[in-house]
1. Being part of a helix (DSSP H, G or I), aliphatic (A, V, I, L, M), at pLDDT below 85 and farther than 16 Å from ALA229 by Cα is the filter here; which residues of the stretch 145-202 pass it?
2. Check ARG237 against each of (1) at pLDDT below 75; (2) open to solvent by 90 Å² or more (accessible area, probe 1.4 Å) and name the one condition it does not meet.
3. Please verify whether the stretch 183-204 includes one or more residues that are among the polar types (S, T, N, Q) and without any contact (Cβ under 8 Å) to a residue 24 or more places away in the chain.
4. Can you tell me how many residues in the stretch 212-238 are within 20 Å of TYR193 (Cα to Cα), of a type in the set (Gly, Ala, Ser) and touching a residue at least 60 places away in the same chain (Cβ under 8 Å)?
5. Would you be able to tell me the number of residues in the stretch 216-230 that are within 14 Å of TRP134 (Cβ to Cβ) and of a type in the set (S, T, N, Q)?
6. Which ones in the stretch 82-95 are open to solvent by less than 70 Å² (accessible area, probe 1.4 Å) and not polar (S, T, N, Q)?
7. Quick check on this structure: which one of MET228, MET274 is at pLDDT 70 or above, under 35 Å from the mean Cα position of the chain (by Cα) and open to solvent by 50 Å² or more (accessible area, probe 1.4 Å)?
Amino acid sequence: MIMQEIKEHAYTGSVINGFAMLPVVLLLIPAIVAAFFIVLPFELYWIAAIAAGIGFIGFIILSCGFFILQPNQSRVMIFFGKYRGTFRRTGYFWVNPFMTKKKVSLRIRNMDIAPIKVNDKTGNPVMIGMVLVWKVNDTYRAVFDIDADETPAIAVSNDAKQAATVSDSVAKALNAFVSIQSDAALREVTGRYAYDAADGRHDEITLRSDASEINEQLEAKLNERLAMAGIEVVEARLNYLAYAPEIAAVMLRRQQASAIISAREKIVEGAVSMVKMALDQLSEEQIVTLDEERKAAMVSNLLVVLCADEPAQPVLNTGTLYQ
């Protein structure tokens, strides 16, 4: 027999406007007092005490049925262990006082995942962090599929806050679950790509140059991991990326060397085109006729002038071209 998966559904039980029920509950107090004084002349003290006790207990029980719900909040209704639905209407209400009402926030939450050390595709250790924006879209899974009693240490409060409410325990469990799954997803996605393109070539996606693609993959992976808890990822993006301190200095020198090589390639390419242009114009306008040896010398001199880091010092030739 295949068990049908339970999903969130709206609470269809009886819910009364809290302002309409409030006078009814408050009337119990004068009713208790009146009953006490009515029975008192007959010296039935034990009956008066029992009636007052029953009335007081009833007042306490009925008062437990009141609750307030703000926008983008919900209450998961549980009646003696059975899920009865999720209530999302805003306002002041009264419901069966024996109904457990677990509060689950539907508001968007922001989480800053601190930078962690991960090895990229090439094995280089990098520090990477991200910002995660998420919200709950299935309260049933958020409450019943995550064990709040097994909340990791990162989400447990100190001794002064051990008396947490039910809603606080649910929020802590969700925060802990999101934090751990975000860490795992960030490590998985980071391990697929290199920090930067090798030798300046951009043949594949890298962490530094393709942030938008990395963010899309992070969001997809997080949605896949967090769906089991009824959580939807609104946005996931990297907010910190750097080499780990132990290799940062070496990688900086490598980047500087790559930049110098790229700059030299551009300089040589431009110098060769300028020399070619000079030789073509000299030949077309017949300014001077040069043999192959003189052309080679001119090319050598021009390349030295154009590619040198320091300005060239001019030398005047007072003899003939071939001296």
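The values are calculated or read from the model by the stated rules, or taken from the named source; none is laboratory data. Keep in mind it's a predicted model, so treat the numbers as computed, not measured. Cβ: placed from backbone, ideal geometry, glycine included. Neighbour counts: every protein chain shown. Protein only, heavy atoms only, side chains kept; ligands, DNA and RNA dropped before computing areas. Shrake-Rupley method; radii C 1.70, N 1.55, O 1.52, S 1.80 Å.
1. Correct list: ALA153, ILE154, ALA155, ALA160, VAL166, ALA198.
2. (1)
3. Of the stretch 183-204, the ones among the polar types (S, T, N, Q) are 190.
Next, from what is left, pick out any that are without any contact (Cβ under 8 Å) to a residue 24 or more places away in the chain: none.
No, the stretch 183-204 has no match at all.
4. 1
5. Residues flagged as within 14 Å of TRP134 (Cβ to Cβ) and of a type in the set (S, T, N, Q) within the stretch 216-230 amount to 1.
6. If the condition is that a residue be open to solvent by less than 70 Å² (accessible area, probe 1.4 Å) and not polar (S, T, N, Q), then TYR83, GLY85, PHE87, GLY91, TYR92, PHE93, TRP94, VAL95 are the ones that fit.
7. Working: MET274 fails: under 35 Å from the mean Cα position of the chain (by Cα).
Every option except MET228 fails the conditions.
Quick grid of which residues meet (1) hydroxyl-bearing (Ser, Thr, Tyr); (2) under 30 Å from GLU204 (Cβ atoms); (3) open to solvent by 30 Å² or more (accessible area, probe 1.4 Å); (4) at pLDDT 85 or above:
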site	(1), (2), (3), (4)
ILE32	no, no, yes, no
PHE42	no, no, yes, no
ILE47	no, no, yes, no
LEU62	no, no, yes, yes
PHE67	no, no, no, yes
THR100	yes, no, yes, yes
ASN110	no, no, yes, yes
GLY123	no, yes, yes, no
